[in-house]
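Accompanying notes for the structure given below.
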Amino acid sequence: MSLALLSQSQLDDWVAQARSLTSKGHLPDYIPQLAQANPHTLAIQVQTVEGRCFVSGDTAQPLALMSVVKPFLLLFALEQWGAEAVFRHVGMQPSDQPFHSVAQLTLDQGFPRNPMINSGAIALTSFVSGDSGKTRCETFRQWLNTQAQTQLVVNQMMLHSVRSLTNETNRTIARLLQKATHLDQLETAIDTYNHICCLSGTLADLAHLGLLLAHSNAIAAQHQRTVNALMLTCGLYEVSGALAVRIGLPMKSGVSGALLAIVPRQGAIACYSPAIDQTGNSVAGLFLVETLVQALNLSVFS
Ligand code: GLN
């Protein structure tokens, strides 16, 4: 079935239904700026590759990508350096541990399981040129904005908030990566990672990022396939397998409540709702994607 068969009134109904779910999740307390978000914000944008667009909810609200940036960092690294170089420093295996797990990385002797968790993304910051977090982020930001025709900017307040914490877990992860020679400069890596997690934009920007992975003539098809496969198997952390069965689309979540689903060759579904579940996935966002996928039979396995 097709994403273009969606009706606006159906979408509005689902958003109305999803509103009650916003009280089921929680706001992350370890990033003060995210803890101040309105947990009842809820928005969705469906964008097709032909240029049709459906929006519903509080779509004017800007959002930080947080971990939704990870597939695009992987895409950048693949495009610039090729798969052989990239997968020497990051794996392709799903992890059944939380996204910031140190135990997983220790078990794997410093080799990050996959690019969708913190360890993998921190390792991939070495593939961005520049001698500081700021310049590396700028290189990546400009590339991404050009490719996706987005207008992402670094949310400085969010960056300040992320840095205001000791960030000890990510630092421990970076130390383990460096010891195993999967990282160049430790401080630069952490700061690059913090910067790119704070890249922010509108829901429309999020949807347009998704189109890069749904269908793009500018990106190597093999790289799109690789990123989509890793999103399907790893993008929602330890519940990726269960959600591949229930939903069946490549997806990526961020602790900000951003959620992106790719409908290959058809388009992208971008959601934003800051209340997240225990694994770090937006509660109302997942409901909306699942409802839409079931109604329109959009699983890649259909
Ligand atoms: N910046 C966040 C962190 O490192 C991103 C995590 C996420 O979105 N899941 O903890």
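Every number in this text was worked out from the coordinates using simple rules, so none of it is lab data. Given the structure is predicted, the values throughout are model-derived calculations rather than measurements. Virtual Cβ from ideal backbone geometry, glycine too; neighbours counted across all protein chains shown.
Taking the alpha carbon gyration tensor of segment 160-211, what are the square roots of 5 times its eigenvalues, largest first, to the nearest whole Å?
After scaling each eigenvalue by five and taking roots: 27, 15, 8 Å.
Would you please give the FRET efficiency between GLU168 and GLU138, computed as 1/(1 + (r/R0)^6) with r the Cβ-Cβ distance and R0 = 30 Å, to the nearest 0.05?
0.70
Could you work out [θ]222 nm for the chain from helices alone, using -39500 (n - 2.57) per DSSP H run of at least four and dividing by all its residues? Round to the nearest 500 deg cm²/dmol.
-13500 deg cm²/dmol
Take the chain, connect every pair of alpha-carbon atoms lying under 10 Å apart with a spring to form a Gaussian network, then pick out the residue of MET251, MET231, MET92 with the largest mean-square fluctuation.
Between MET251, MET231, MET92, it is MET92 that shows the largest mean-square fluctuation.
Roughly how far apart, in whole Å, are the Cα centres of segment 208-231 and segment 16-49?
Cα centres, segment 208-231 to segment 16-49: 26 Å.
Test of understanding: in a Gaussian network model of the chain with alpha carbons linked when under 10 Å, which of LEU203, LEU73, LEU21 would top the mean-square fluctuation ranking?
Most flexible of the set in this elastic network: LEU21.
Lysines near LYS252 by alpha-carbon distance under 19 Å, same-chain residues fewer than 8 away left out - which ones?
Correct list for LYS252: LYS70.
Using alpha carbon coordinates only, what is the Rg to Rh ratio of segment 1-154, with Rh defined as the Kirkwood radius?
Rounded to two decimals, Rg/Rh equals 1.01.
To one decimal place, what Kirkwood hydrodynamic radius in Å is obtained for the chain from all pairs of distinct Cα atoms?
18.8
May I ask you to sort LYS134, LYS24 by Cβ crowding, counting other Cβ atoms within 10 Å and putting the fewest first?
Taking fewest neighbouring Cβ atoms as first place, the list is LYS24, LYS134.
Got a sec? Which residues in segment 43-84 would a label at ARG19 touch, if it sits 7 Å along Cα→Cβ and we count backbone N under 13 Å?
43, 57-58
Report, please, the projected area of segment 119-263 averaged over directions, based on the convex hull of its C-alpha atoms, in nm². Show your work: numbers first, answer last.
On the way: hull surface 36.0 nm².
That works out to 9.0 nm².
Comparing GLY25, GLY241, GLY51, which has the greatest mean-square fluctuation in the GNM of the chain with Cα pairs linked when under 10 Å apart?
GLY51
Using just the alpha carbons, could you tell me how many Å³ per residue the convex hull of segment 70-196 encloses? Display every interim value, and only then the final one.
Working: hull volume 12.5 nm³, N = 127.
Cα-based convex hull of segment 70-196, divided per residue, equals 99 Å³.
Cα centroids of segment 152-176 and segment 253-269: how far apart, whole angstrom?
23
Which distance in nm do the two modelled labels at ASP12 and ALA295 give, with both placed 7 Å along the Cα-to-Cβ direction?
That separation, rounded to one decimal, is 1.2 nm.
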